[in-house]
Amino acid sequence: MQSSELLPPDEIHLHITDDPAITDPDLLAKYEALLTAEERVRKDRFHFPRHRHQFLVARALLRTTLARYCPDVQPADWRFQANDYGRPYIAGAGAGLLDFNLSHTDGRIVLAVCRSPSPGVDIERTNPPDGFLDIADRFFAANEVSALNTLPAAEQESRFFALWTMKEAYIKARGMGLSIPLQDFAITFGPAGPSIHFGDGGADDPRRWQLFMLEGGEEYALAVALPDAAPVRPRLFRTTPFLAVEPI
Ligand SMILES: CC(C)(COP(=O)(O)OP(=O)(O)OC[C@H]1O[C@@H](n2cnc3c(N)ncnc32)[C@H](O)[C@@H]1OP(=O)(O)O)[C@@H](O)C(=O)NCCC(=O)NCCS
């Protein structure tokens, strides 16, 4: 199959991996063999074994998935650089053909890949922090907070995580980290899905954004933002690097 058939320009693919489920030593040795010296150093900096493990699985997910879409570049041969805010991008072979963004949370990794530039993805485990309404009040835009507070109590937790992940996905798509103030844009949720709004004199155009709240699985919230006005369809896969890629 041609790589353009595997990843058409009007699709964004979300590859979901539950890293704690991957324990086969032979498979993990294959993942280790993909790491560059720099990635090995980064992995060893994590204090907790579960974080080292997640980092390793995320690198393998990224490298094997990109190679699946661009078979001319082997998994170990992909090279990455990061912008001034830490956003990684493909450098060298394969650059300009694909773009990606990674997100990880407790027990789960998501990789977004598409042909148009600068996708943003965020997954969060939906364990509400104590005082989550106060956190929203402090960090979210005023109309997001008032919409959250008028919801029935039973719906507030899921809206909090929808807002959190959607805002984070937008920030990640912009690639500038938290230098974009969280109060400077607002997400609303309607029957047609989420949409984004910018204040007066806002530095961005809502018409160029496609936003998706997706099924991240029980106890997870998953959001994707893509700065591309041409309609794109999200497709989800459950992926184990080197072993399986199954549509969900
Ligand atoms: C670093 C940041 C981009 C994402 O952090 P995060 O949500 O904790 O982490 P995620 O797991 O979703 O994303 C991390 C991945 O995003 C990528 N990334 C790093 N910097 C990035 C940037 N500036 N833009 C886009 N992606 C970035 C990397 O691939 C990173 O994984 P890696 O280090 O294993 O390669 C940044 O937005 C941040 O610090 N967020 C803090 C979280 C927060 O307070 N959010 C409030 C939301 S309402």
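Derivation of every value follows stated rules applied to the coordinates shown; laboratory data play no part. This one's a predicted model, so the numbers in the text were calculated from it and none came from an experiment. Note that each Cβ is placed from the backbone with ideal geometry, even for glycine, and that neighbours are counted across all protein chains shown.
Overview of results
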{"read-out": "Förster-model FRET efficiency, 51 Å R0, Ala29 and Leu133, C-beta, rounded to 0.05", "value": "0.65"}
{"read-out": "Relative exposure of Ser103, Ser118, Ser179, Ser158, judged by other C-beta atoms within 10 Å (fewest first)", "value": "Ser179, Ser158, Ser118, Ser103"}
{"read-out": "Cα-based convex hull, the chain, per residue volume (Å³, whole number)", "value": "141 Å³"}
{"read-out": "Convex hull volume of the stretch 124-226 per residue (C-alpha atoms, cubic angstrom)", "value": "109 Å³"}
{"read-out": "Extension gain from Glu155 to Tyr85, taking 0.36 nm per residue of separation minus the Cα-Cα distance", "value": "21.8 nm"}
{"read-out": "Fully extended contour minus Cα-Cα distance, from Arg238 to Ser179, at 0.36 nm per residue", "value": "18.0 nm"}
{"read-out": "Sequence-distant aspartates and glutamates (8 or more away, or on other chains) whose Cα lies within less than 12 Å of Lys172", "value": "Asp122"}
{"read-out": "Candidate lysines - alpha carbon under 16 Å from Lys43, same-chain residues fewer than 8 apart omitted", "value": "Lys30"}
{"read-out": "Relative packing of peptides 88-100, 25-37 - highest average C-beta neighbours within 10 Å first", "value": "88-100, 25-37"}
{"read-out": "Footprinting exposure proxy for Phe161, Phe48, Phe242 (fewest neighbouring C-beta atoms within 10 Å first)", "value": "Phe48, Phe242, Phe161"}
